Amino acid sequence: MRQAKRIMHLPPYLFAEIDRKIAEKRKAGVDVISLGIGDPVEPTPPHIVETLREAVKDPENHRYPSYYGLQAFREAIASWYGKRFGVELDPDTEVLPLIGSKEGIAHIPLALLDSGTYSLVPDPAYPVYSTGTILANGESHFMPLVRENDFLPDLSMVGSDIVRKAKVLFLNYPNNPTGAIAPEDFLIDCVEFARKNGIAVCYDNPYSEITFDGYVAPSFLQTPGAKEVGVEFHSLSKTYNMTGWRIGWVVGNSGIIDALGKVKTNVDSGIFNAIQYAGITALAGSQDCVKEMCKIYERRRDLVIETLSGVGIEAVKPKAAIYVWAMVPGGYSSAEFATHVLEKAGVVVSPGNAYGPSGEGYIRISLSVKDNRLKEALERIKESL
Ligand code: MLT
């Protein structure tokens, strides 16, 4: 059967491909250690699980949830933004729960783009910014993130013809895959750029709570004027080890949220209420579990940086997120080195070029693996060299 053109243009999803390779190797008897996807191995904290367990028992929660999320969950999100970032949000118009932030990011181009219009997409980046754009029949303009510019896009390099047609600017700090962070003046410039050119900023902030060395990550919405031009996507996935629960949200500009809500009410039927109650517990309960996870990731980050530097592999020491962005040793391309590590060490890493052409020359190592397996993976990589 002939597939739609937009599907023919859609690359296979990076982690679905990686999963396929892992399954093949495991079938062949290889003890594969995956440093591929960022998927916390530690369990969701018990107080959050307990809320779900109780909520599941209530038959009221077995019915369709509200399209716009439980009022109590929207209020919990607004109140967390107030406490954590000092950002005031109207839970009725400026907060919309999502079935994981990936769902909202994939759908936002449908709400904001027409054919012939553009998303400005960082390169390298989380693949969903550009694939969501393809699904909406839009075009992506890639903005290189290079080490010399601290992995921040240079907005002045986007040509005026593209700027005129651009409707969306995707940004993501703490950054996946580079681990870079955004300084305040950069965010101020982004708001000004978006305001001047009538572009909606879609700021993806799922790693704001996973920070190291005393660094505290901001919300984009703390930037003066941000709410007039943009929204922020967030998620419980990485903060509370809840990737499998599929729960996140978008907050900020009410017009953009209204447009995304129109797409979503026609596409999905909301989030299981029991999961939303668990989300309230996550946001309103003790945050000690988050501090604990930051310590764990910081320890793993240090181990990776130290081991790689011992074998001459240079890596930027990230202040946040759960990845190390490392330069591949001379003579290898990203894909060749990822293949070498898989074939010779049974270790999966993500090739940098899978996040965009400017990722060539790098690999991404995820810290979401138990310490002993991480140590073993690093030992195996060392030996393979
Ligand atoms: C990643 O590894 O980049 C993320 O876990 C993917 C995601 O958040 O969907």
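Can you run down the residue pairs with Cβ atoms below 8 Å, 6 or more apart or on separate chains, where the first is in the stretch 199-227 and basic (Lys, Arg) and the partner is buried (at least 19 other Cβ atoms within 10 Å of the Cβ)? From the stretch 199-227, the pairs are Lys227/Glu94; Lys227/Leu221; Lys227/Gly252; Lys227/Asn253. The sole residue among Leu70, Leu35, Leu10 that is more than 28 Å from Glu209 (Cα to Cα), among the hydrophobic types (A, V, I, L, M, F, W, C) and touching a residue at least 12 places away in the same chain (Cβ under 8 Å) is Leu10. On the stretch given as the stretch 311-341, residues that are open to solvent by 20 Å² or more (accessible area, probe 1.4 Å) and part of a helix (DSSP H, G or I) total 4. Taking every residue in the stretch 87-101 that is on the phi < 0 side of the Ramachandran plot and pairing it with any residue that is open to solvent by 50 Å² or more (accessible area, probe 1.4 Å) and within 16 Å of the ligand (Cβ to nearest atom), at least 6 positions away or on another chain, the pairs with Cβ-Cβ distances below 7 Å are Ile99/Arg246.
Would you pick out the residues in the stretch 307-319 that are of a type outside the set (S, T, N, Q) and in contact with a helix residue (DSSP H, G or I) (Cβ under 9 Å, 6 or more places away or on another chain)?
So the first thing to find is which residues in the stretch 307-319 are of a type outside the set (S, T, N, Q), and the list is 308, 310-319.
Leu308, Gly310, Val311, Ile313, Glu314, Ala315, Val316, Lys317, Pro318 - these are the residues of the stretch 307-319 that are of a type outside the set (S, T, N, Q) and in contact with a helix residue (DSSP H, G or I) (Cβ under 9 Å, 6 or more places away or on another chain).
Taking into account only those residues within the stretch 11-28 that are open to solvent by 50 Å² or more (accessible area, probe 1.4 Å) and aliphatic (A, V, I, L, M), which is nearest to the chain's Cα centre (by Cα)? Filtering the stretch 11-28 for residues that are open to solvent by 50 Å² or more (accessible area, probe 1.4 Å) and aliphatic (A, V, I, L, M), the one nearest to the chain's Cα centre (by Cα) comes out as Ala16.
Residues considered: Tyr277, Tyr240, Tyr297. Of these, the only one that is closer than 30 Å to Thr93 by Cβ and outside any loop (DSSP other than H, G, I, E, B) is Tyr277.
From Tyr129, Tyr118, which residue is of a type outside the set (A, V, I, L, M, F, W, C), crowded, with 22+ Cβ neighbours inside 10 Å and under 30 Å from Gly279 (Cα atoms)?
Numbers: Tyr118 fails: under 30 Å from Gly279 (Cα atoms).
Exactly one of Tyr129, Tyr118 is of a type outside the set (A, V, I, L, M, F, W, C), crowded, with 22+ Cβ neighbours inside 10 Å and under 30 Å from Gly279 (Cα atoms), namely Tyr129.
So which residues in the stretch 358-380 are in a helix (DSSP H, G or I), open to solvent by 10 Å² or more (accessible area, probe 1.4 Å) and either in contact with a Gly (Cβ under 8 Å, 6 or more places away or on another chain) or not assigned by TED's automatic domain parsing to the domain that holds Met327 (or both), if there are any at all?
Residues of the stretch 358-380 that are in a helix (DSSP H, G or I), as a first pass: 358-359, 371-380.
Narrowing the set further to residues that are open to solvent by 10 Å² or more (accessible area, probe 1.4 Å) leaves 358, 371-373, 375-376, 379-380.
Correct list: Arg380 only.
The residue list Asp90, Asp123, Asp31 contains one member that is within 16 Å of the ligand (Cβ to nearest atom) and either modelled with pLDDT of 95 or more or open to solvent by 10 Å² or more (accessible area, probe 1.4 Å) (or both), which is Asp123.
In a residue-by-residue description of the stretch 102-119, the property of being within 12 Å of the ligand (Cβ to nearest atom) and among the basic types (Lys, Arg) applies to at least one position. As for the stretch 43-52, it holds no residue that is within 14 Å of the ligand (Cβ to nearest atom), out of contact with any strand residue (DSSP E or B) (no Cβ under 9 Å at 6 or more places or on another chain), open to solvent by 60 Å² or more (accessible area, probe 1.4 Å) and in a loop (DSSP other than H, G, I, E, B).
Sort out for me the strands (runs of 3 or more DSSP E) sitting completely within the stretch 93-210 that have 1 or more residues that are closer than 28 Å to Lys317 by Cβ.
Qualifying strands (runs of 3 or more DSSP E): 118-123, 139-144, 166-171, 200-204.
The values are calculated or read from the model by the stated rules, or taken from the named source; none is laboratory data. Note that the structure is predicted; figures quoted are calculated from it, not measured. No Cβ is skipped: glycine too gets one built from the backbone with ideal geometry, and neighbour counts run over all protein chains shown. Accessible surface is based on the protein model in full, side chains and every heavy atom, while ligands, DNA and RNA are left aside. Shrake-Rupley method; radii C 1.70, N 1.55, O 1.52, S 1.80 Å.
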